[in-house]
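The values are calculated or read from the model by the stated rules, or taken from the named source; none is laboratory data. Only a predicted model underlies this, so the values are computations on that prediction, with no experimental measurement involved. Cβ atoms come from the backbone with ideal geometry, glycine included; neighbour counts cover every protein chain shown.
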Amino acid sequence: MPKAAPDVIYARKDLIPSLWQAIDTVAREEIYIERVEAPPLAETEAFQHKLIDQNWPVYYAIDGDQVVGWADISFPTNPRLAHRGFLGMGLLPAYRGQGLGRRLLQAALDHARQIGAEKVELSVYTTNTPAIALYQGCGFSAIGVIRHYRKHKGVYYDALEMECFL
């Protein structure tokens with residue numbers, strides 16, 4: 001019998017330690033997100049609690065009791081900027097290329113729309129062409145490139161800035 005596809009669920013606080021492990025795995029790849037290791041668990045817990053407590057878009061992909069991906073949209077505290085959210089997301093390597101990222105992203109965007117967000121922005125390394133294709137397929141448009149956005153181990157990475165009007 002084939003294994004069921006991972007579920008996409010609204011975040012649960014009891015899953016934050018598993019999320020932290022997923023973030024750490026993706027970070028240690030050193031090519032997709034800014035960090036090269038997960039922040040301290042307490043910092044991850046505080047951020048996730050803030051998202052959940054404020055009913056902001058934060059979704060997990062779970063396989064059994066393991067978080068295998070995430071998508072969250074956070075908003076500035078400045079009321080003049082609070083109409084725009086900022087996307088962060090990631091997937092464990094074994095779960096990429098199967099449509100799970102699209103499901104996560106769509107859940108987060110739908111939620112953002114429901115709570116009145118007008119626009120979502122993101123930064124993605126220009127070398128991450130699968131992610132760029134995903135974002136374009138979900139309605140994001142490129143708005144510019146930040147050259148030398150990141151320097152890691154002597155190598156510069158440019159970032160593509162993208163936006164999606166909801």
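Numbers for the structure displayed
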item: Of all residues in region 41-92 being polar (S, T, N, Q) and surrounded by 15 or more Cβ atoms within 10 Å (Cβ to Cβ), the one that is nearest to the chain's Cα centre (by Cα); result: SER74
item: Candidate set: region 1-25, residues that are exposed (fewer than 13 other Cβ atoms within 10 Å of the Cβ) and modelled with pLDDT under 95; chosen: the one farthest from GLY99 (Cα to Cα); result: MET1
item: Any chance LYS119 is farther than 24 Å from TRP20 by Cβ, loosely packed, with under 11 Cβ neighbours inside 10 Å and of a type in the set (Lys, Arg); result: no
item: Pairs where the first residue, in region 113-128, is more than 19 Å from GLY144 (Cβ to Cβ) and the second is surrounded by fewer than 13 Cβ atoms within 10 Å (Cβ to Cβ), C-beta under 7 Å, 6+ apart; result: ILE115/ASN55; GLU118/PHE165
item: Given (1) at pLDDT below 95; (2) in contact with a Gly (Cβ under 7 Å, 6 or more places away or on another chain), number of the condition ARG35 does not satisfy; result: (2)
item: The listed residue being surrounded by 12 or more Cβ atoms within 10 Å (Cβ to Cβ) and among the basic types (Lys, Arg), out of ARG147, ARG113; result: ARG113
item: Contacts under 6 angstrom Cβ, first residue in region 17-46 being of a type in the set (S, T, N, Q), partner surrounded by 13 or more Cβ atoms within 10 Å (Cβ to Cβ) and modelled with pLDDT of 95 or more, 6 or more apart; result: SER18/GLN66; SER18/VAL67; THR25/LEU92; THR44/TRP20
item: Scan of region 82-112 for residues that are aliphatic (A, V, I, L, M) and touching a residue at least 40 places away in the same chain (Cβ under 8 Å), ordered by number; result: LEU91, LEU92, LEU100, LEU104, ALA107, ALA108, LEU109, ALA112
